[in-house]
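Chemist: One structure follows; several queries about it will come next.
The values are calculated or read from the model by the stated rules, or taken from the named source; none is laboratory data. Keep in mind it's a predicted model, so treat the numbers as computed, not measured. Cβ placement follows ideal geometry from the backbone for every residue including glycine, while neighbour counts extend to all protein chains displayed. These area figures cover heavy atoms from the full protein model, side chains too; ligands, DNA and RNA do not enter into them. Shrake-Rupley method; radii C 1.70, N 1.55, O 1.52, S 1.80 Å.
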Amino acid sequence: PSQIAALSNDALHALSPLQFASLRPTQVQSLMSSQIQFISTSYFSQIANSHVAALTSSQVNSFTLDETHLLTLKQLQALSIAGVSGLALSQLASSQVAALTPQQFASLQSQQINSLRVDHIAALTTAQIVGITTSEIAALRPDQIVYFSSKQIAAFSTRSVSVLNADQVGGLYTLQLSSLSTAQVAAISADAIDGLNGYQTQSLKTAQIAAL
């Protein structure tokens, strides 16, 4: 593997698709981050899942926007996502974010959650939202929460709802509030409820008010 890492950038760029595909995962892993950008972008969709799984966080963080978008959904699901930078994560297409497994999404750190774009938020699946951790909920900015659909909000567990703060609850629009079940409403903390304004309170259903 150390010999592969010694290849010049020009030599690496000159590898044919067949030659690149023949590399072992340990050889791919040995490549320096600075070398990754010299791999022909046309090869990225041909990288075996085992090669993608072997990539280090620093290698993934060195991907260009074009390289990131060329990763197939299966390749993305093979990736160890936890150590990927917020910047690299923000480069993913919304369809790629939606393709992350619930386990991958649950492994995201606060700075990664903060980097999610509004179209990423809108693309999150029910399975991803059901599996979201309380630390991820706490990391969501109010201007991100507002882009959750009513269906997505309804998928929040009561545990997730219980860690929302006043700013986050205060950022919910009326359709989001009306989609909350009575169990979810009951799970909102007193401190968070204090974030509701008069207009939001008026939009609550009688059953929701009774659950407070």
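Chemist: Only one residue in L76, L65, L18 is surrounded by 14 or more Cβ atoms within 10 Å (Cβ to Cβ) and of a type outside the set (F, W, Y). Which one? Even if it seems obvious, please write down each step before you answer.
Modeler: On the way: L65 fails: surrounded by 14 or more Cβ atoms within 10 Å (Cβ to Cβ); L18 fails: surrounded by 14 or more Cβ atoms within 10 Å (Cβ to Cβ).
Answer to the selection: L76.
Chemist: Specify the residue that is farthest from L204 (Cα to Cα); the eligible residues are those in the stretch 152-176 that are modelled with pLDDT under 95 and open to solvent by 50 Å² or more (accessible area, probe 1.4 Å).
Modeler: Taking the candidates together, the pick is A154.
Chemist: How many of the residues in the stretch 81-104 are surrounded by fewer than 18 Cβ atoms within 10 Å (Cβ to Cβ) and more than 16 Å from Q128 (Cβ to Cβ)?
Modeler: Residues flagged as surrounded by fewer than 18 Cβ atoms within 10 Å (Cβ to Cβ) and more than 16 Å from Q128 (Cβ to Cβ) within the stretch 81-104 amount to 5.
Chemist: So S58 passes all but one of these: (1) open to solvent by 40 Å² or more (accessible area, probe 1.4 Å); (2) at pLDDT below 85; (3) touching a helix residue (DSSP H, G or I) at 6+ places or on another chain (Cβ under 9 Å). Which condition number does it fail?
Modeler: Among (1) open to solvent by 40 Å² or more (accessible area, probe 1.4 Å); (2) at pLDDT below 85; (3) touching a helix residue (DSSP H, G or I) at 6+ places or on another chain (Cβ under 9 Å), the lone unmet condition for S58 is (2).
Chemist: For the stretch 177-198, name all the residues that are open to solvent by 50 Å² or more (accessible area, probe 1.4 Å) and either of a type in the set (A, V, I, L, M, F, W, C) or under 25 Å from the mean Cα position of the chain (by Cα) (or both).
Modeler: A183, A186, A190 - these are the residues of the stretch 177-198 that are open to solvent by 50 Å² or more (accessible area, probe 1.4 Å) and either of a type in the set (A, V, I, L, M, F, W, C) or under 25 Å from the mean Cα position of the chain (by Cα) (or both).
Chemist: Which pairs turn up if I take residues in the stretch 6-18 that are at negative phi and look for partners that are part of a helix (DSSP H, G or I) and open to solvent by less than 60 Å² (accessible area, probe 1.4 Å) with beta carbon separation below 6 Å, at least 6 apart in sequence or on another chain?
Modeler: Qualifying pairs under 6 Å: L12/Q35; P17/Y43.
Chemist: Does S149 count as open to solvent by 50 Å² or more (accessible area, probe 1.4 Å), under 22 Å from A192 (Cβ atoms) and of a type in the set (S, T, Y)?
Modeler: Against the criterion (open to solvent by 50 Å² or more (accessible area, probe 1.4 Å), under 22 Å from A192 (Cβ atoms) and of a type in the set (S, T, Y)), S149 does not qualify.
Chemist: Something else: Looking at L140, is it closer than 30 Å to A78 by Cβ and of a type outside the set (S, T, Y)?
Modeler: yes
Chemist: Would you please name the residue that is nearest to V161 (Cα to Cα), looking only at residues in the stretch 171-212 that are among the hydroxyl-bearing types (S, T, Y) and outside any helix (DSSP H, G or I)?
Modeler: The qualifying residue nearest to V161 (Cα to Cα) is S189.
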